[in-house]
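The values are calculated or read from the model by the stated rules, or taken from the named source; none is laboratory data. Not measured: the values here are computed from a predicted model. When we count neighbours, we look across all protein chains shown, and the Cβ atoms used for this are built from the backbone with ideal geometry, even at glycine.
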Amino acid sequence: MKAFVHKGTELIFTDVKEPTIQDNQVKVKLKMAGLNHRDLNIPARRGNNSTPLILGSDGAGIVTEIGNNVKNVKVGDEVLINPGIGWKENSDAPPEGFEIVGMPDQGTFSEYYVCDESGVVHKPDYLSWEEAGVVALAGLTGYRALFTKANLSQEDTVFIPGAGSGVATFMIQFAKAVGAKVIVTSRSKEKLEHARKLGADITVDTGENWKEVLKHETIDIVIESVGRATFNRSLEVLKKGGRMVTFGATTEDEITINIRSFFYGQYQLFGTTMGSLEELTDMLKFMTTHQIRPVISKVFPIEKAEEAFSYLGNANQFGKVVLSIS
């Protein structure tokens, strides 16, 4: 079968051995896969590793084969891939052994994908294949950050730096669905306009003085994923006693904070990564109830995955980037 892999110092679209199933496993013929920043970072993390690794954590397709003891899916079912491995029930943190699809195990940028039965969930009927292929990782990350960690309610105002990311486009819609007030930032006027159309109440240019612009707003929650470039600026606009949730660092990982100001401000800081199968199921029910759709920025054929990597790496997107497989 064909797949997009990292091998040595290369990213290549090539032939690889088609996977076979064992007991309790399912085989999925993938139609679409979602590109995430995680995929961009994996080649650097692997270094000059000569063992081919199929990249990709998101995907959707049709079950073509099931192993013995599989009970919840059957051949012909339309499914999306659960990007988390080994985390079934909601908990304060992932259990030991938790992994994300696409490293160290093989990922979804391929014609076929094999996983345990818990690695797939049924595709909501209202979602297109392009939408289903990108919903799980980013949507689940945003859902857990907002609801499990930040405990968002309709009385809250939530501040989200970086309006164009896939996770941010989900969070804007999730927060508006429960009636919360949403404030976002971006350097791009076009992305701020897209965010307003998606439901954001207030949009702020990244280059502005956030504390001055938002001095009349009471911000209850900050969802921070940029890292060093925005962390302290985000903290400055958060109300005393407010909640900050962080799940990423698209800029540098290490930050410096004034710890005395932090504890005098009685701030609450939460870390989060992805989410459990239970939360993924809850998120899909929530999305179906509110008819929330992923925002698709651009679709690339998998043969042009390198172009998709450049597109996402240059922050050209508003929403999700899709790889069309079949």
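The table for this structure:
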quantity	calculated
Some residue of region 70-78 being modelled with pLDDT of 95 or more, polar (S, T, N, Q) and either more than 18 Å from the chain's Cα centre (by Cα) or crowded, with 19+ Cβ neighbours inside 10 Å (or both)	no
Residue 213 being among the β-branched types (Val, Ile, Thr) and buried (at least 22 other Cβ atoms within 10 Å of the Cβ)	no
Members of region 141-176 found to be hydrophobic (A, V, I, L, M, F, W, C) and either in a helix (DSSP H, G or I) or free of Cβ contacts under 8 Å to residues at least 60 places away in the same chain (or both), listed by number	145, 146, 147, 167, 168, 170, 171, 172, 174, 175
Tally of residues being assigned to a strand (DSSP E or B) and not basic (Lys, Arg) across region 1-59	25
Scan of region 177-202 for residues that are among the basic types (Lys, Arg), outside any helix (DSSP H, G or I) and under 25 Å from residue 36 (Cβ atoms), ordered by number	187
Residue within region 264-280 that is more than 18 Å from residue 81 (Cα to Cα) and free of Cβ contacts under 8 Å to residues at least 12 places away in the same chain present	yes
Filtered residues of region 6-58 (kept if of a type in the set (Val, Ile, Thr) and without any contact (Cβ under 8 Å) to a residue 60 or more places away in the chain)	9, 12, 14, 51, 54
